[in-house]
Amino acid sequence: MLKRKIRQVNNLLLKKYGIPPRSKTPPDPVDMIIATILSQNTNDKNSYKAFQNLKNKFKNWNEVAKLTPSQIEKHIKIAGLGKQKSKAIKNLLSTLLREKGKISLNYLDTMKDEEILNELTSFQGIGLKTASCVLLFAMRKNFCPVDTHVHRTTNRIGLVKTSTPDKSFTILNENMPNGIAHQFHTNLILLGREICKPTNPSCKICPLFKVCEYPDKNLERSSEYKVNDFLLLDSIK
């Protein structure tokens, strides 16, 4: 039943937004995880700038690994939460060097999906959302990361009734139809940014109006605005 409704919602979103573009070559998993760490609690423009600061000023991640968290923080401060993010990046790079002998996540290719999630979330500062972004974008797995937009919209629509993004993640991905996670995830974020906003959602122009179970629909007149097509996570190479 839930799988059928997810597919129905996805089809309606496709009519509204179309199939989201994807880079032909998947991003490197290490690049992906660092980009996702930087994207937390900030906008795409600032997180992308912080990521480029690291990529442009250092030859490789081995050079970044030699920095202290405070030094890393200076290069990524535009993305906010500098202390928290720099510690997570430093820990990831140092742990890979210490335990694997090189900064690479290619060893994940031999693991099952659940093992990959467990492995990535074992790194300090890396949660389910960041780990699932690696699975979806870098490894092209059928996993739907759940950020605040996906959590909010899926709860309003009635796909889940949960209190946290992690709980939403579990239910959604246990019922995710094959091959649609990328388009479902990406289009829900667009919906959450431009229509199903935290306050004063534009329910009257929502493509999901007829299937949405949100009891407090905003029925006041609203106007649509242009979609932001800047999709950071698929642009990281």
Rounded tilt (10° steps) of 82-100 against the dominant C-alpha axis of the chain: 60
Mean ellipticity per residue at 222 nm, deg cm²/dmol - from DSSP H runs of n ≥ 4 across the chain, formula -39500 (n - 2.57): -16000 deg cm²/dmol
Overall Cα dimensions of region 1-48, principal axis frame, Å, largest first: 36, 27, 21
Likely footprinting exposure, V211, V146, V160, fewest C-beta neighbours within 10 Å first: V211, V160, V146
Proxy reagent accessibility, fewest Cβ within 10 Å first, across D166, D216: D216, D166
Ranked L159, L128, criterion: other C-beta atoms within 10 Å, fewest first: L128, L159
All-pairs Cα distance distribution in region 29-138, expressed in whole percent, bin size 10 Å: 15, 51, 30, 4
Acute angle (nearest 10 degrees) that the helix 165-174 long axis makes with the longest principal axis of the chain, alpha-carbon atoms: 80
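Since every read-out is calculated from the coordinates, none of them should be taken as a lab result. All of these numbers come straight from a predicted model, not from anything done at the bench. Counting neighbours? That spans all protein chains shown, and the Cβs are built from the backbone with ideal geometry, glycine included.
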